[in-house]
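Asks: I have a structure I would like to understand better, so I am pasting it below and will then ask my questions one at a time.
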Protein chains: 6
Amino acid sequence: MRVDGRAHDQLRPVTITRNYIKHAEGSCLIEVGDTKVICTATLEDRVPPFMRGGGKGWITAEYSMLPRATATRNARESSKGKVGGRTMEIQRLIGRALRSVVHLEAMGEKTIWIDCDVIQADGGTRTASITGAFVALVDAMQKLVESGTWKQLPLHDFLAATSVGVIGEETLLDLNYKEDSTATVDMNVVMTGKGKFVELQGTGEDAPFSPEQLQDMIALAKAGINQLVAAQKEALADVPLTFADHVAEESHV
Amino acid sequence: MRVDGRAHDQLRPVTITRNYIKHAEGSCLIEVGDTKVICTATLEDRVPPFMRGGGKGWITAEYSMLPRATATRNARESSKGKVGGRTMEIQRLIGRALRSVVHLEAMGEKTIWIDCDVIQADGGTRTASITGAFVALVDAMQKLVESGTWKQLPLHDFLAATSVGVIGEETLLDLNYKEDSTATVDMNVVMTGKGKFVELQGTGEDAPFSPEQLQDMIALAKAGINQLVAAQKEALADVPLTFADHVAEESHV
Amino acid sequence: MRVDGRAHDQLRPVTITRNYIKHAEGSCLIEVGDTKVICTATLEDRVPPFMRGGGKGWITAEYSMLPRATATRNARESSKGKVGGRTMEIQRLIGRALRSVVHLEAMGEKTIWIDCDVIQADGGTRTASITGAFVALVDAMQKLVESGTWKQLPLHDFLAATSVGVIGEETLLDLNYKEDSTATVDMNVVMTGKGKFVELQGTGEDAPFSPEQLQDMIALAKAGINQLVAAQKEALADVPLTFADHVAEESHV
Amino acid sequence: MRVDGRAHDQLRPVTITRNYIKHAEGSCLIEVGDTKVICTATLEDRVPPFMRGGGKGWITAEYSMLPRATATRNARESSKGKVGGRTMEIQRLIGRALRSVVHLEAMGEKTIWIDCDVIQADGGTRTASITGAFVALVDAMQKLVESGTWKQLPLHDFLAATSVGVIGEETLLDLNYKEDSTATVDMNVVMTGKGKFVELQGTGEDAPFSPEQLQDMIALAKAGINQLVAAQKEALADVPLTFADHVAEESHV
Amino acid sequence: MRVDGRAHDQLRPVTITRNYIKHAEGSCLIEVGDTKVICTATLEDRVPPFMRGGGKGWITAEYSMLPRATATRNARESSKGKVGGRTMEIQRLIGRALRSVVHLEAMGEKTIWIDCDVIQADGGTRTASITGAFVALVDAMQKLVESGTWKQLPLHDFLAATSVGVIGEETLLDLNYKEDSTATVDMNVVMTGKGKFVELQGTGEDAPFSPEQLQDMIALAKAGINQLVAAQKEALADVPLTFADHVAEESHV
Amino acid sequence: MRVDGRAHDQLRPVTITRNYIKHAEGSCLIEVGDTKVICTATLEDRVPPFMRGGGKGWITAEYSMLPRATATRNARESSKGKVGGRTMEIQRLIGRALRSVVHLEAMGEKTIWIDCDVIQADGGTRTASITGAFVALVDAMQKLVESGTWKQLPLHDFLAATSVGVIGEETLLDLNYKEDSTATVDMNVVMTGKGKFVELQGTGEDAPFSPEQLQDMIALAKAGINQLVAAQKEALADVPLTFADHVAEESHV
């Protein structure tokens, strides 16, 4: 049995509170056990310089932790004057993952900024960020559908993420911080609602892992992500979600 | 009547939720109308280099806003690579204000870090930060009293803050964002529970103000701060608060 | 009696040397006792990006100290790679204070850069900067009047500043460095020639202050600022100063 | 057939030139097709602050590209004043991967700095860096064995890396730049000589991938890495390589 | 006799390998003894902001060392977040020196970026950079002549550089690192093919030098530079080099 | 005749005002025509980390210009967040030049910080800085002699600097800004009182120069520096200056 009494294939309780921040076009508070992340989505009517004139949209993400989200206080990156490697890695991951389910060519030259701010951390903050950011993204996109700017949501699938790992002989789903610290293998998995891989990042810094362990971890992750997508669907129950495999480029005005 | 229906001398609703972040030694969420700030207090067993060997303690503060706390998204200071002038001014104010009610000489060589993170902004974020930070500070200090490290709280009074301003001919208490944008005079006032001034920062960039207007603003601020201190007392009802005018330097072990 | 023999309500000797730097459109060296500040005003034919197209002008200020202006050498902010909180606070104050007596809407889209460089410091550098900067500003503006670019000075009043403080039981005007270090309360006051408040920044970090002490400090500051304005008038005796309450927006060509 | 005529499961030609830089304790030039990386290993007799006193060693890596390693010139990160997200991600990956085959506890408090500088880029620079860095690492470590500082190499396996990807329907090994630009799925794989996974980083930003595609890519990567390890063995033929599963902590003096 | 057996007026062996980096418009590896520098030249179809609209071209240079080019590892300037004084001095020197033999007015609004990256250092890296950069510059310029963009090379002479110094009583040509460390006087000389001075930078930090020593050093440098220009001519033997004293401004299309 | 009526071999008027800044151990205002520089020397009782334990002293210099020292306003380097290449080059030059006449081994582990702040610029700011800094250095050193810390001044000669240049066919001494802008050759020369070279930095970016021109410039510079040293001697008339060729290492206590 695990430190918090869960079965090896059991997620922590997941809560998604939509419209958590009144100013944002889309926002939620996602809680996965004691990990709590505020996710917001902001619409901007232009794209970054390297994309101008291409007619496509862009999704970009930033990630941060409050200094006291963790057991000991972390210095702010603004005070240190630079964004650390871990933060950059995570925000690049979040942006890339979200873009994989968006029809950028159907957005027109708009950017959606995703902000994931961890207010309390207990493991799995990057995967919780992805799962929550998807919900904020849908709400922001839906605003443009409702205003008539877009004819339909430029999305082709759900997107959620979780972590899996190996502790001793056991393969575990959704590691909390204590588990994460003792795991010899740690893998983050991002999948679509239809069960395809978007990102797979496994690292065995403390002990290389075998192909069999890889299979076990993937199976666990897939089951967990199915439940996370179910939680997203429930949270977004009032949004008329229709995902198109292909979206006409003229779907934005 | 004001934009949100308040009387000219009426505060917005104030809510203080203690122990909001599980890892911090002291923490609260303070809500003043739609302004919401997470305040944490972190204990550290040493003081900054310039104070080492002096036997005294230190209180320092950092302040930040989530990018989407405001109506339009603000770039993160970590991404810009430097902390802006407004942020520095505010965090210097918060630290200075809190230190004014602390017996630093009774703390021993410890630092308490105050973090004020605005998750939603609607005017008065710096004054709400001070009012909330005081509560987080008490909780963190009380931990050291309970553990026997300190014999008593090294505090000599309550501390709270609010803003006042002039719009047209009227003097108003606790400006929200919309009011703040149209005010010609803006003043932040920090006072102790006993009604003494700790900070007074008035600026009439758009219209210089007269001595009479100053008196009116001070009277309004004082009444508002009394109510904020009452809210702090209620929130801290279970803490045995005793403030000493003088604290023996040996009160810490 | 005070450390330098002054009465409690006595300013230090004030000298203003105009046209101190040959390249600047306006400049002076202001000496307040041993505090010496070079103030320059630079005309620029555009406004910052956030103001473009608005038809109004802008005044902005920068403040710095030479490394050896003080008793011990201070590292340059350029070497440290960032501007500190104290500097930012002061330069924001100087800019804000000057803008309060300027008809920005009558300037056209021009910026006036104010630079205050402290070459020797003995307390009161920020208030001396404001008093000196006003003189440099007038000279730079007068150049545009003389060249026919402006029909009249876009100013509505004089502007000067001083500090007051509390040491023991006494309230003192114009603190020098030694006094400033022992004062329990420190207040900077910026007023117009007509006696209205532009900025009031009082801080009682070491001891909160009472409403009565506030009144005493304000009275002292007012008397001191009257003398500083008199010194400005004398220094600017050859400039035909006419301040208008309202300036037609077409007063610039 | 591929743009450069290779079969789908064929590596580009690999050349490893040891002792390429005379000053470094270990160094090589690794060429994988037109990708050329100078890898050096530097011994330092201390560990970073966070590891002091723990008795263990550390391996850390830095990665950079010459500005004209690529088809268009990239601005230097030193000129931009900060290290970008991509660079950080890669250097964290290289360090983590190398540490996975090192008995850190057998190194004593020493750091080995790995520098990977890409002088010409044609896809796969991060995986070439890992493969080359392993050779430089062995040479630097061997110096300490030869000098008697260490009784044996604190290594437990070979380590090499390659990339695989999907273009259209095909799964390809060791993508060059042109292929990398058109691939919908891109995966970097780091494996040990015994065929265990150290890192697996797959991303399907342009098209999520199926479990079957994952299997194909893993099989290709494994075959490629076997050949890379063979190239390392050949290059290091004169070094008496013995890898121990466990190394006594006292193996360093 | 010198540490490496050379006569006092003898250069180290010089090798210039052209087209060393396949992506660059011009490139070479220059080796002067154990000093090895990769020089590239990059064409850009615009000039920096301060030159726009002037119709002239620009040559700018950047210089860097790999961390392990030297006997002990140097921290990367990108990691330190700023370019050091020595680097700036060198890259300003390289740019200035190259511009002195270029008819900027005949280039049109183009920039040529020179990058000098030292992969192995043994003294004289800045002078080797200049000598090598000239070769890369010629190759890049020749591309524009061959494509018909320019009618002729906008160059008026060869350009090469070496160092001279004083050790004890002796004046030496082309100091290696060991010699450079013990020299009391160190002078870098940049000359044209026709024997005119472009830069002369002598420093006697450890011992001021006399006019006679200056004459000796200049004579040695001149002889050395003649040999370096001969090496450039040999390396560029296949390029139809014609230098014009004056180039018509219309020589570019 | 020159723009300001001087002969080709005539310096501008030189004024040196000692003890210009009351806090500094040594200071002066040097005026060379319209170029005005405040030079200060600060004593510090330790050396930089790289020199600790070596028993020697150190001289280091920083240089800056006030934003409005020049005809158009220059942005502050503190606001830009980094020190530019020109500034670095100059401050490295000033420090190196001063060290050349100091017996560092006779200073003990002390640093003297030289600050040169240009308050008005009209050409030749770096050479005026060196000439003035030498005077400030003597005054600061003399303080340690008077206090008995040092038995004698650890100096072996005077030090002064000037610029020379070529305009058209003429060689000119001590260029002002207007001349400097049109000169094709520009050379800064630093010499000792005994007429030896400390630094020679000639650049012919706009036109390479011949050995004959070099001789002319050197002769002019030498004559000018003799006059500058005479001005230093006059300014320091009351200081008992004795320069020793060798100073016993035990000359400091």
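Asks: When you scan the range D:65-77, do you find a residue that is over 29 Å from D:T242 (Cβ atoms), among the acidic types (D, E) and over 21 Å from the mean Cα position of the chain (by Cα), even just one?
Replies: Yes: the range D:65-77 contains one or more residues that are over 29 Å from D:T242 (Cβ atoms), among the acidic types (D, E) and over 21 Å from the mean Cα position of the chain (by Cα).
Asks: Across the range B:151-188, which residue is nearest to the other protein chains (Cβ to nearest Cβ) among those that are without any contact (Cβ under 8 Å) to a residue 40 or more places away in the chain and β-branched (V, I, T)?
Replies: B:V185
Asks: Considering only residues that are buried (at least 22 other Cβ atoms within 10 Å of the Cβ) and either of a type in the set (A, V, I, L, M) or touching a helix residue (DSSP H, G or I) at 6+ places or on another chain (Cβ under 7 Å) (or both), which ones fall in the range B:91-102?
Replies: B:L93, B:I94, B:A97, B:L98, B:V101, B:V102 - these are the residues of the range B:91-102 that are buried (at least 22 other Cβ atoms within 10 Å of the Cβ) and either of a type in the set (A, V, I, L, M) or touching a helix residue (DSSP H, G or I) at 6+ places or on another chain (Cβ under 7 Å) (or both).
Asks: Which ones in the range C:1-29 are under 16 Å from the mean Cα position of the chain (by Cα) and within 14 Å of chain F (Cβ to nearest Cβ)?
Replies: Scanning the range C:1-29 gives C:T17, C:G26, C:S27, C:C28, C:L29.
Asks: Tell me, yes or no, whether the range B:99-113 has at least one residue that is out of contact with any Pro (no Cβ under 7 Å at 6 or more places or on another chain), facing another protein chain (nearest Cβ under 8 Å) and assigned to a helix (DSSP H, G or I).
Replies: yes
Asks: Still on this structure: Just checking, does the range A:52-68 include any residue being free of Cβ contacts under 8 Å to residues at least 60 places away in the same chain, under 30 Å from E:S79 (Cα atoms), of a type in the set (F, W, Y) and within 14 Å of chain D (Cβ to nearest Cβ)?
Replies: Yes; the residues of the range A:52-68 include at least one that is free of Cβ contacts under 8 Å to residues at least 60 places away in the same chain, under 30 Å from E:S79 (Cα atoms), of a type in the set (F, W, Y) and within 14 Å of chain D (Cβ to nearest Cβ).
Asks: Give the residues of the range F:75-90 that are open to solvent by less than 30 Å² (accessible area, probe 1.4 Å), assigned to a helix (DSSP H, G or I) and either among the hydroxyl-bearing types (S, T, Y) or more than 9 Å from chain E (Cβ to nearest Cβ) (or both), sorted by residue number.
Replies: Hits for the range F:75-90 are F:S78, F:T87, F:I90.
Asks: Here is a list of conditions, (1) over 30 Å from B:F243 (Cβ atoms); (2) open to solvent by less than 10 Å² (accessible area, probe 1.4 Å); (3) not aromatic (F, W, Y), and B:M217 meets all of them except one; can you say which number that is?
Replies: (1)
Asks: Hey, another quick one. Might you let me know whether the range B:124-136 holds any residue that is open to solvent by 10 Å² or more (accessible area, probe 1.4 Å), within 14 Å of chain C (Cβ to nearest Cβ) and on the phi < 0 side of the Ramachandran plot?
Replies: Yes, because at least one residue in the range B:124-136 is open to solvent by 10 Å² or more (accessible area, probe 1.4 Å), within 14 Å of chain C (Cβ to nearest Cβ) and on the phi < 0 side of the Ramachandran plot.
Asks: Does B:V145 meet the test of being touching a Lys or Arg at 6+ places or on another chain (Cβ under 9 Å) and more than 30 Å from B:E179 (Cα to Cα)?
Replies: Yes; evaluated as a whole, the condition is true for this residue.
Asks: Every residue in the range B:17-50 that is under 14 Å from A:T70 (Cβ atoms) and among the polar types (S, T, N, Q), please.
Replies: Residues satisfying the conditions are B:S27, B:T40, B:T42.
Asks: Is there a residue being within 19 Å of the chain's Cα centre (by Cα), assigned to a strand (DSSP E or B) and among the hydroxyl-bearing types (S, T, Y) anywhere in the range C:163-183?
Replies: The answer is yes; a qualifying residue exists.
Asks: Test of understanding: among C:R99, C:R86, which residue is farther than 21 Å from C:E25 by Cβ and among the charged types (D, E, K, R)?
Replies: Sole residue among the options that is farther than 21 Å from C:E25 by Cβ and among the charged types (D, E, K, R): C:R86.
Asks: Continuing with the same structure: Quickly run through the range D:138-192 and pick out the residues that are among the polar types (S, T, N, Q), surrounded by fewer than 19 Cβ atoms within 10 Å (Cβ to Cβ) and out of contact with any Asp or Glu (no Cβ under 6 Å at 6 or more places or on another chain).
Replies: The answer is D:S147, D:T149, D:Q152, D:S181, D:T182.
Asks: What are the pairs with Cβ atoms under 6 angstrom where one residue, in the range D:103-123, is open to solvent by 10 Å² or more (accessible area, probe 1.4 Å) and the other, located anywhere, is of a type in the set (G, A, S) and modelled with pLDDT of 95 or more? Sequence gap at least six, or different chains.
Replies: Pairs found: D:L104/D:G57; D:K110/D:G57; D:A121/D:A69; D:D122/D:G33.
Asks: Among the residues of the range D:123-142, is there at least one that is under 25 Å from D:L173 (Cβ atoms) and assigned to a loop (DSSP other than H, G, I, E, B)?
Replies: There is at least one residue in the range D:123-142 that is under 25 Å from D:L173 (Cβ atoms) and assigned to a loop (DSSP other than H, G, I, E, B).
Asks: Just wondering, is there one or more residues in the range B:227-235 that are surrounded by 23 or more Cβ atoms within 10 Å (Cβ to Cβ), within 19 Å of B:G124 (Cβ to Cβ) and β-branched (V, I, T)?
Replies: Checking the range B:227-235: not a single residue is surrounded by 23 or more Cβ atoms within 10 Å (Cβ to Cβ), within 19 Å of B:G124 (Cβ to Cβ) and β-branched (V, I, T).
Asks: Look at the range B:202-213 and say how many of its residues are crowded, with 20+ Cβ neighbours inside 10 Å and within 7 Å of chain C (Cβ to nearest Cβ).
Replies: 5
The values are calculated or read from the model by the stated rules, or taken from the named source; none is laboratory data. The structure presented is a predicted model; accordingly, all values stated were derived computationally and were not measured. Counting neighbours? That spans all protein chains shown, and the Cβs are built from the backbone with ideal geometry, glycine included. Heads up: the accessible areas ignore ligands, DNA and RNA and are worked out on the full protein's heavy atoms, side chains in. Shrake-Rupley method; radii C 1.70, N 1.55, O 1.52, S 1.80 Å.
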